[in-house]
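This is the structure I want to talk about, given as structure tokens.
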Amino acid sequence: MNIIVCAKLAADVSEITIDPATGKPVLQGVPKIISDIDKSAVEEAIRIREKCGGKVTTVTIGPPEAKEKIKPLLAMGADEAVLISKPEKEDYSIVAKLLSEAIKKVGNYDIILCGEASIDLFSGQVGPQIAGYLNIPQVTYAQVIIAEEKKVIVERNLSDKVVVIESTFPVLISVTKEINKPRLPNLMQIMQSAKKPIHEWSIESLGIGELSPKVEVVGIDGVPTERKNIILEGEVEETATELAETLAKEGIF
Amino acid sequence: MILIYSDNKNNSLELLGKGRKLADQVKNRVLAVIIGNAGEPEAKELIAFGADTVVIAETDMEHFKAEEYADILQSIINEYNCETVMIGSNKNGKELAPRLAARMETGCVTDCINVSLEGEKLTVERIVFSGAAISRQQFASDIQILTIPPKAFYPPPKDEARTGEVIKKSYQPNSYASKVLRVQEMKSGDVNVEDAEIIVSCGRGLKKKEDIRLLEELAETLRGNTIGCSRPIAADLKWLSEDHWIGLSGHKVKPKLYIACGISGQIQHIAGMRDSAIIVAINRDSEAPIFKSADYGIVGDLYTVVPALTKAIKEEMSS
Ligand SMILES: Cc1cc2nc3c(=O)[nH]c(=O)nc-3n(C[C@H](O)[C@H](O)[C@H](O)COP(=O)(O)OP(=O)(O)OC[C@H]3O[C@@H](n4cnc5c(N)ncnc54)[C@H](O)[C@@H]3O)c2cc1C
């Protein structure tokens, strides 16, 4: 079984602050991390390989420094990694196109896994776009994946119902964060992962011509979070009464 | 032509609200699509709400599937020269739109909370960074595909006198190597956090499932019976069903009053409740980030604060 996992280098949203002077988010210096839900996709890939055999390859777009961020995925148990160089301009379609071409270059794939969305932009586009470019079946929001030799059965979580889908290979599956708890590699695994290959591929090596964005970001503004921030202090009964009175004044009751 | 499609009726009407306005601005027409075996009355209703043309795409498919639905929409987009395609942003719409965009090699933006024309350019806004920022994006492609979440726009007024064209046609999508085996309804109560006016919400500060009772008493006193929760309570501990789950990957709520009990206030939780009118936080850690997102905070053990608050509110109400 050949499994390819798309793992995004995403901005660590918990480190993003809003500049009070400009009202814009400060993105400079915000660390990049492998998107949480993509880690669940890597974990799921490893579990499928443990059951069915095969190989797990991760694919990431990023600068050369991103290798350090990919190593933990190899330590978790992925066999190989691909790092595609960052394009000058990017939008959802460019990212999906680059990943699709890299997936084709890895070749011979059965299952492509990715997270339902990335923690920073949460657009959820890349999985279905890759499936669209490759023109293969897709299953999104997977909460359970049962892989067999020639097919896979997936539970798709739609919040109010579960849709059970069966597909042969190749298939693209996007997973929810709830599908599993990604393992923490031990020291031994971390050391061994140093020997695993990280292939660095340039955009030219994927044989793609010029990529022009179909969507452009024209501005980003911070969302104002003006709250009263009043902390009521004192004995429990006092603060509770004060809060009840305040809520009454606010017209809640 | 502006095409609108959602498999959710209310969402379709909201899309018509926005679609109609955009169309009127540039003297364009609105085409609404129903996939499945709908009848004339359903189509007529979409016309009354602003559609000029309704295409009922008849298929023998029993369930939604993005692959086949994308093929059907692609045929309709080509047939009627649609430039702007607005799709309802539930989980089906969110997997349909990007697939369609890739099949057609065109631009797509999901979860647009605002849509406008700036000059010639279709400009949209979407929330990024877990709700910390809003990104404005412009399409550079001839065909623009966007998804729109529920309640982003108002349905237009209904006008029974409006007339339009209803076209029934059967479509044969390509066949794909995947199929729906079954659909299971998930068990859920009658909770609808998205419409609730008062929500009392719990997080990992709660020690056991039975203690939810404390919050229910507070909620009942406030005459709002709605209990919300953070992700771990629904996803990991499963003390409450997923329809109570609030946040980035849960429900987005905007009640008059949101009381967060034992919730730390990570940005992914805030993303779901930041539009609440008044936010109250009860947490024993004075450094908890929830206090930065709250109007009123009480630093203390929820096991003493919540019952005291219930009692104080009862007294306040009867005074
Ligand atoms: C991609 C992604 C999506 C996510 N989506 C969501 C989402 O949709 N919704 C969501 O909620 N989270 C989401 N999360 C998780 C989020 O980051 C937090 O982990 C989660 O919200 C924490 O839940 P909590 O506040 O209940 O628990 P904790 O962070 O463990 O906080 C518990 C709090 O309770 C307080 N406490 C403990 N005991 C008491 C007591 N006796 N009295 C008073 N206070 C007490 C503690 O001081 C602490 O602040 C997501 C995360 C990721 C990465």
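The values are calculated or read from the model by the stated rules, or taken from the named source; none is laboratory data. Just so you know, these numbers come straight off a predicted model, no measurement behind them. Backbone-built Cβ (ideal geometry, glycine too); neighbour counts: all protein chains shown. Just the protein is used for accessible areas: all its heavy atoms, side chains included, with ligands, DNA and RNA removed. Shrake-Rupley method; radii C 1.70, N 1.55, O 1.52, S 1.80 Å.
Please tell me if B:Lys314 is more than 7 Å from chain A (Cβ to nearest Cβ), touching a residue at least 40 places away in the same chain (Cβ under 8 Å), within 12 Å of the ligand (Cβ to nearest atom) and open to solvent by 50 Å² or more (accessible area, probe 1.4 Å).
no
Can you pull out the residues in the stretch B:133-145 that are open to solvent by 10 Å² or more (accessible area, probe 1.4 Å) and either closer than 18 Å to B:Gly250 by Cα or among the aliphatic types (A, V, I, L, M) (or both)?
Passing the criteria: B:Ile134, B:Ala140, B:Ile143.
For the stretch B:236-250, which positions are within 10 Å of chain A (Cβ to nearest Cβ) and within 11 Å of the ligand (Cβ to nearest atom)?
Scanning the stretch B:236-250 gives B:Asp236, B:Glu242, B:Trp245, B:Leu248, B:Ser249, B:Gly250.
Within the stretch B:136-156, does at least one residue satisfy the condition of being closer than 20 Å to A:Ala117 by Cβ, in a strand (DSSP E or B), free of Cβ contacts under 8 Å to residues at least 40 places away in the same chain and of a type outside the set (Asp, Glu)?
Yes, the stretch B:136-156 contains a residue that is closer than 20 Å to A:Ala117 by Cβ, in a strand (DSSP E or B), free of Cβ contacts under 8 Å to residues at least 40 places away in the same chain and of a type outside the set (Asp, Glu).
Out of all the residues in the stretch B:251-295, which are within 22 Å of A:Asp120 (Cα to Cα), near the ligand (Cβ under 10 Å from one of its atoms) and of a type in the set (Val, Ile, Thr)?
Within the stretch B:251-295, B:Ile263, B:Ile267, B:Ile270, B:Ile290 meet the criteria.
May I pose another question? If we keep just the residues of the stretch A:5-40 that are in a helix (DSSP H, G or I) and in contact (Cβ under 8 Å) with a residue 60 or more places away in the chain, which is nearest to the other protein chains (Cβ to nearest Cβ)?
Among those residues, the one meeting the criterion is A:Val13.
If a residue must be within 7 Å of chain B (Cβ to nearest Cβ) and open to solvent by 10 Å² or more (accessible area, probe 1.4 Å), how many such residues does the stretch A:125-136 contain?
Counting residues in the stretch A:125-136 that are within 7 Å of chain B (Cβ to nearest Cβ) and open to solvent by 10 Å² or more (accessible area, probe 1.4 Å) gives 1.
List the number of the failed condition for B:Glu118; all other conditions in (1) out of contact with any strand residue (DSSP E or B) (no Cβ under 6 Å at 6 or more places or on another chain); (2) at positive phi hold.
With (1) out of contact with any strand residue (DSSP E or B) (no Cβ under 6 Å at 6 or more places or on another chain); (2) at positive phi applied to B:Glu118, the lone miss is (2).
Can you say whether B:Arg20 is open to solvent by 30 Å² or more (accessible area, probe 1.4 Å), farther than 16 Å from B:Val166 by Cα and at pLDDT 95 or above, as far as the supplied structure shows?
When the stated conditions are applied, B:Arg20 passes them.
Something else: Tell me, which residue of the stretch B:287-311 that is facing chain A (nearest Cβ under 7 Å) and of a type in the set (A, V, I, L, M, F, W, C) is nearest to B:Leu222 (Cα to Cα)?
Only one residue tops the list, namely B:Leu309.
Right, another one. Can you work out which of the residues in the stretch A:228-244 that are within 42 Å of the chain's Cα centre (by Cα) and open to solvent by 50 Å² or more (accessible area, probe 1.4 Å) is farthest from B:Tyr258 (Cα to Cα)?
A:Glu233
Kindly provide the set of residues from the stretch A:78-117 that are of a type in the set (S, T, N, Q) and more than 10 Å from chain B (Cβ to nearest Cβ), ordered by number.
Answer for the stretch A:78-117, where residues must be of a type in the set (S, T, N, Q) and more than 10 Å from chain B (Cβ to nearest Cβ): A:Ser85, A:Asn108.
Taking the stretch A:207-228, which residues are under 25 Å from B:Ile145 (Cβ atoms) and either touching an Asp or Glu at 6+ places or on another chain (Cβ under 7 Å) or not in a loop (DSSP other than H, G, I, E, B) (or both)?
Selection gives A:Ile208, A:Pro213, A:Lys214, A:Val215, A:Glu216, A:Val217, A:Val218, A:Gly219, A:Ile220, A:Asp221.
While we're looking at this one, here's another question. Going through A:Ile165, A:Ile153, A:Ile146 one at a time, which residue ends up being open to solvent by 20 Å² or more (accessible area, probe 1.4 Å), assigned to a strand (DSSP E or B) and facing another protein chain (nearest Cβ under 8 Å)?
A:Ile153
Moving on. State whether the residues of the stretch B:225-235 include one that is within 30 Å of A:Lys181 (Cα to Cα) and more than 12 Å from the ligand (Cβ to nearest atom).
Checking the stretch B:225-235: at least one residue is within 30 Å of A:Lys181 (Cα to Cα) and more than 12 Å from the ligand (Cβ to nearest atom).
Quick one: which of B:Lys168, B:Lys179 is at pLDDT 95 or above, open to solvent by 60 Å² or more (accessible area, probe 1.4 Å) and within 9 Å of chain A (Cβ to nearest Cβ)?
Exactly one of B:Lys168, B:Lys179 is at pLDDT 95 or above, open to solvent by 60 Å² or more (accessible area, probe 1.4 Å) and within 9 Å of chain A (Cβ to nearest Cβ), namely B:Lys179.
For the stretch B:41-125, please list each of the strands (runs of 3 or more DSSP E) lying entirely inside it that holds at least 1 residues being open to solvent by less than 20 Å² (accessible area, probe 1.4 Å) and facing another protein chain (nearest Cβ under 8 Å).
It comes to B:107-109.
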